[in-house]
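Asker: Sharing a structure, written as structure tokens. Questions coming.
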Amino acid sequence: MAAQASNPQAQKPQTSTQHAPASQPELPNAPAPATTPQSSSQEPSLSDLGFSQQQTQADPKLQAKLNRRTEMLKIHQRLGIITLAPMAAALITGPMAKAKGRNGQTIKEPTNANLDFHAALGSATAAMYFATAYFAIAAPKIPNNPKHGAIRFHEALAFVHGPGMILTPILGAMAFQQEQNGEKVHGIASAHGAVAVATVCAYGAAIVAVSWPIHLKFWEKK
Amino acid sequence: MTSKLLYSLAFLFATITAPLAALAQADSQWLAGQSTLSYHMSHPMHEVDGVSHAARGKGICHTGQCNFLIAVPVNSFDSGDTNRDLHMIETTKGAEFPMIQVRARFAQSEISQQWIHADLEVQFAGQTAHYSNVPFERIQQGSAVRITGTIPLTCSDFKIDRPTFLTVPIKNEIPVHVDMTWHAI
């Protein structure tokens, strides 16, 4: 790039596009089209460069697997972002579904409407979350491809928000049951709110992890 | 007398032109040593560079014309994130067309100059695109020659559907910076 910038003749050249030979290999071991012209003494060919056959061969099966993987991960990404909406709403409505008042004071029970609304939002979040998770888990794995980069952090956080998303509704149901019985929420059920907050934080961090580093140009442009 | 003169002229012509002809046809062959190819991808939220050191190349100069071939496996580019690299391979049909091939043609007279202007034929993602007069800087490094320059690739040249992130597609331009060291063989 430095070379281009310093050269007064540097300019974007005219381009034209041509199709590669139309014949697509049907067999996994078929040679890649448009890759190996005949070697001549005046023009080097791909075979002169010493690449292994494995490197230069087309692999339609792998391409199909990659296509399916991308499709599933695109759905995973979209569902994951959509899930944020009911998740945030459930977090906001959480305090409205909680009995208020300290020991010795009058306990103010939440209305059934608030409880039902919060429970509905929680259920919707859980359903969408597990649908989102399905598309990531079921996406085809590509062999011989050790993971590195932000995706590792994204996947590691699933071990936090995954159990959190299992535990939060269970604790919520326990808390709901205790309130229905006229009891103050106690025991492990009282951790429902804290577990939910930790789960949302881990979920948000997982989204940020795959988006990182966010380039400042995003704001500069505005 | 006339025949002697003709023989003398013929001898003189042959003496002068033979070395020139030999010089013009002096073949040379080049092999790539160290190489760094990197593409740059721009998104409103991201700037990404994918780097490969797996490129190989060979060049043949013959009768005043140089033909160079550079090839690099699509899956050798590392952008720092496995997920993104796999998506790149998918979107560029890198499993079906695993090699990127660049054929460069330029006048042999330029091989000793600071700037080489090459006509390029790039085979990538099952498509072929041509770029003319692409400048490359030539730096002599002992017996080796370092060539640097940028190939102004775009997604549309190769009918690549631009990947999106948060529904926003990347920029069409994906310039590829070339930095290769060549040795005469």
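The values are calculated or read from the model by the stated rules, or taken from the named source; none is laboratory data. Remember, predicted model here, so these are calculated numbers, not experimental data. Glycine gets a Cβ as well: all are built from the backbone with ideal geometry, and neighbour counts include every protein chain shown.
Asker: Give segment B:35-44 a look and list any residue that's surrounded by fewer than 18 Cβ atoms within 10 Å (Cβ to Cβ) and at the interface with chain A (Cβ under 9 Å from one of its Cβ atoms), or say none.
Answerer: Correct list: B:His40, B:Ser42.
Asker: Let me ask something else about it. Can you pull out the residues in segment B:98-115 that are at pLDDT 95 or above and β-branched (Val, Ile, Thr)?
Answerer: Across segment B:98-115, the qualifying residues are B:Ile100, B:Val102.
Asker: Taking the condition under 30 Å from B:Lys171 (Cα atoms) and either part of a helix (DSSP H, G or I) or touching a Ser or Thr at 6+ places or on another chain (Cβ under 8 Å) (or both), does A:Gly162 pass?
Answerer: Judged against the criteria, A:Gly162 is not a match.
Asker: OK, next. Out of everything in segment B:30-62 that is in contact (Cβ under 8 Å) with a residue 40 or more places away in the chain and of a type in the set (S, T, N, Q), what residue ends up being farthest from B:Ala118 (Cα to Cα)?
Answerer: Checking each candidate, the answer is B:Ser42.
Asker: Oh, and also: Among residues belonging to segment B:72-115 that are part of a helix (DSSP H, G or I) and among the hydrophobic types (A, V, I, L, M, F, W, C), point out the one that is farthest from the other protein chains (Cβ to nearest Cβ).
Answerer: B:Ile111
Asker: Now, a different point. Can you say whether A:Glu179 is under 22 Å from A:Ala124 (Cβ atoms), of a type in the set (D, E, K, R) and out of contact with any Lys or Arg (no Cβ under 6 Å at 6 or more places or on another chain), as far as the supplied structure shows?
Answerer: Judged against the criteria, A:Glu179 is a match.
Asker: Within segment B:47-61, count every residue that is crowded, with 18+ Cβ neighbours inside 10 Å and part of a strand (DSSP E or B).
Answerer: 9
Asker: Among the residues in segment A:135-151, are any away from chain B (no Cβ under 14 Å), under 30 Å from A:His186 (Cβ atoms) and assigned to a helix (DSSP H, G or I)?
Answerer: No - not one qualifying residue is present in segment A:135-151.
Asker: Oh, and also: Going through A:Lys100, A:Lys141 one at a time, which residue ends up being among the charged types (D, E, K, R), more than 30 Å from A:Gln177 (Cβ to Cβ) and out of contact with any Leu (no Cβ under 9 Å at 6 or more places or on another chain)?
Answerer: A:Lys141
Asker: What pairs can you find where one residue is in segment B:164-185 and more than 10 Å from chain A (Cβ to nearest Cβ) and over 28 Å from A:Ile75 (Cβ atoms), the other is of a type in the set (D, E, K, R) and part of a strand (DSSP E or B), and their Cβ atoms are less than 8 Å apart, with a gap of 6+ or different chains?
Answerer: B:Met180/B:Arg146; B:Thr181/B:Arg146; B:Trp182/B:Arg146
Asker: Under 9 Å between Cβ atoms, which residue pairs at least 6 apart in sequence (or on different chains) link something in segment A:51-62 that is at the interface with chain B (Cβ under 7 Å from one of its Cβ atoms) with a partner that is outside any loop (DSSP other than H, G, I, E, B) and among the polar types (S, T, N, Q)?
Answerer: Hits for this filter: A:Gln55/B:Asn75; A:Gln55/B:Ser76; A:Thr56/A:Ser47.
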